[in-house]
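To start, the structure under review is shown below, and the notes come after it.
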Amino acid sequence: TAGKPIECMAAVAWEAEKPLDVTTVIVAPPQKGEVRIKIVATALCHTDAYTLDGHDPEGLFPAILGHEAAGIVESVGEGVTSVKEGDHVIPCYQAFCGECGMCKSNKTNLCGKVRAWTGKGIMAADSKTRFTHKESGKEIFHFMGTSTFAEYTVVHEVSVAKISKEAKLDKVCLLGCGVTTGLGAVLQTARVEKGSTAAVFGLGTIGLAVVDALRDVGAKRIIGVDTDPNKFERAKEWGATDLVNPKDHDKPIQEVIVEMTNDDGIGGVDYSFECIGNVEVMRAALECCHKGWGQSVVIGVAASGKEISTRPFQLVTGRVWRGTAFGGYKSRIDVPKLVDRYMAGEFRVDEYVTHTLKLKEINQAFDLLHAGKSLRCVMYT
Ligand code: NAD
Ligand code: AHE
Ligand code: ZN
Ligand code: ZN
């Protein structure tokens, strides 16, 4: 199949707020610096639903969504040296070229090489897409540089992490986004110290992965917050020491948390993590932090047009507000290491897979996520 177009099945998002269309697309051969991947397993992350719901300012239609997957290299384009046919890989929405100013800096994991093109749903070599709808001949945009809701996809070489062939692709696909992001927020972005106190807002996959890492570093208090009490049992199992439902309180949740942590007469947690994408909750997450040093990490992705606010006095008095993308990990370097660490049993991955489906049943996965019934639904091609 190398060098030739491939006809295969993909789930196309024709427009916002409409179910995906499982249909036949033509996937062009990889061009210079590109890799064509046979997707083996792909999961649904809340960000895919957010984009399909029309909340992403960069959202383009028609597009093939999906960014949490694992697969096998089918063929490579000219000049590609880091992977070859048959390699097991995880497509990464955060690229790592190793050469740009950002890749060379140890202060960020963002890469500047292809981001402008991925934001426009096209490939850098010729500013075109590699997907065409068979029936209508319409061109279909890429999404996040990954487009994993398809049997085959084309991505930039700088977005491909080569991983161990021993790893189960239907599990390590979760390291393509959710689990990696939650772990990295704690271990890489905030660098939480042993004995810290923390609050985690939103106990879906991202929030639970945050809890997992907090427990691992020896946080002494892990306060899980969710409006859905069905999320509490797992969070406890993962290591949350306290569980709070904002609906059970008639005062702002930040006040509740400050009171819960008031051993020193000041109150507030050392670290907080927003894993929802709600700007009101982001404010609460900042304001439940300890005066003088508390840090709040924004992980959730908020809808287009939303803005965060707080009294600047919150920052003047020492609280720090920051965010993280992909948990601060440099994708092509760190993802293979995370896969190895997962296989060594260092953190949970399998436990987030609450449902499995076939890719062609993908609309059911969106329903499960919206109903709060699933953590991760893994779909097989
Ligand atoms: P999810 O839907 O599985 O989990 C969200 C949780 O938040 C649910 O348990 C829900 O009940 C809870 N929740 C909703 N509203 C709430 C509220 N007002 N107060 C308390 N809890 C509330 O989603 P997920 O896949 O875990 O993703 C979480 C967020 O992280 C999304 O915004 C997603 O887009 C974002 N995300 C960001 C990155 C990144 O790199 N920054 C990576 C992955 C996901
Ligand atoms: N495109 C949106 C924002 C979406 C967003 O923030 N995405 C996160 C990853 S979410 C994964 O589930 C991210 O990494 N952002 C950094 C980047 O380079 O995209 C917008 O607001 O335009
Ligand atoms: Zn994601
Ligand atoms: Zn780079």
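So what is the calculated 222 nm ellipticity per residue for the chain, using -39500 (n - 2.57) for each DSSP H run with n of 4 or more, over all residues, to the nearest 500 deg cm²/dmol?
Only helices count here, giving -6000 deg cm²/dmol.
Might you report the magnitude of the Cβ-based charge dipole of the chain about its Cα centre, with Lys and Arg at +1 and Asp and Glu at -1, to the nearest 20 debye?
It comes to approximately 920 debye.
Highest mean first, what order results for 225-236, 295-306 on Cβ atoms within 10 Å?
295-306, 225-236
If you count, for each residue, the other Cβ atoms within 10 Å and average over each peptide, how do 345-351, 360-366 line up from highest to lowest?
360-366, 345-351
Less than 21 Å apart at the alpha-carbon level, and either on another chain or at least 8 residues along: which lysines does that give for Lys32?
Lys4, Lys84, Lys113, Lys120, Lys128, Lys162
Within the chain, what percent of beta bridges assigned by DSSP are antiparallel, to the nearest 5?
Beta bridges within the chain, antiparallel portion: roughly 55 percent.
Tell me the relative contact order for the chain as a rounded percent, counting alpha carbon contacts under 8 Å between residues six or more apart.
Worked out over the chain, it gives 18 percent.
Throw me the Rg/Rh for region 289-381, computed over C-alpha atoms with Kirkwood Rh, two decimals.
1.09
Reported to two decimal places, what Rg/Rh ratio describes the chain when computed on Cα atoms with Rh from the Kirkwood expression?
0.98
Any number yet on Rg/Rh for region 182-324, C-alpha, Kirkwood?
Taking Rh as the inverse mean 1/r over Cα pairs, Rg/Rh reads 0.93.
Just check region 119-168 against the gyration tensor rule for me: Cα atoms, a ≥ b ≥ c as the square roots of the eigenvalues, rounded for a/c under 1.5, and otherwise prolate or oblate depending on whether a/b exceeds b/c.
Because a/c hits 1.5 or more and a/b fails to exceed b/c, region 119-168 counts as oblate.
By a straight-distance test (C-alpha under 30 Å), which lysines pair with Lys247 as possible cross-link partners, with residues fewer than eight away in the same chain excluded?
Those lysines meeting the cut-off are Lys220, Lys231, Lys236, Lys291, Lys306, Lys373.
Given charges of +1 on the Cβ of Lys and Arg and -1 on the Cβ of Asp and Glu, with all other atoms neutral, how large is the dipole of region 182-324 about its Cα centre, in debye to the nearest 20?
360 debye
Order 118-128, 157-167 from most to least packed using the mean count of other Cβ atoms within 10 Å.
Taking the mean over residues of other Cβ atoms within 10 Å, the ranking is 157-167, 118-128.
Which whole-number percent is the relative contact order of region 94-203 (Cα, under 8 Å, 6+ apart)?
16 percent
Would you list, by chain and number, the lysines whose Cα falls below 16 Å from the Cα of Lys360, excluding same-chain residues fewer than 8 positions away?
Partners within reach: Lys18, Lys38.
Laboratory data are not the source of any read-out in this text; all were calculated from the coordinates shown. Note that the coordinates shown come from a computational prediction; the quantities given were computed from them, not determined experimentally. Cβ atoms come from the backbone with ideal geometry, glycine included; neighbour counts cover every protein chain shown.
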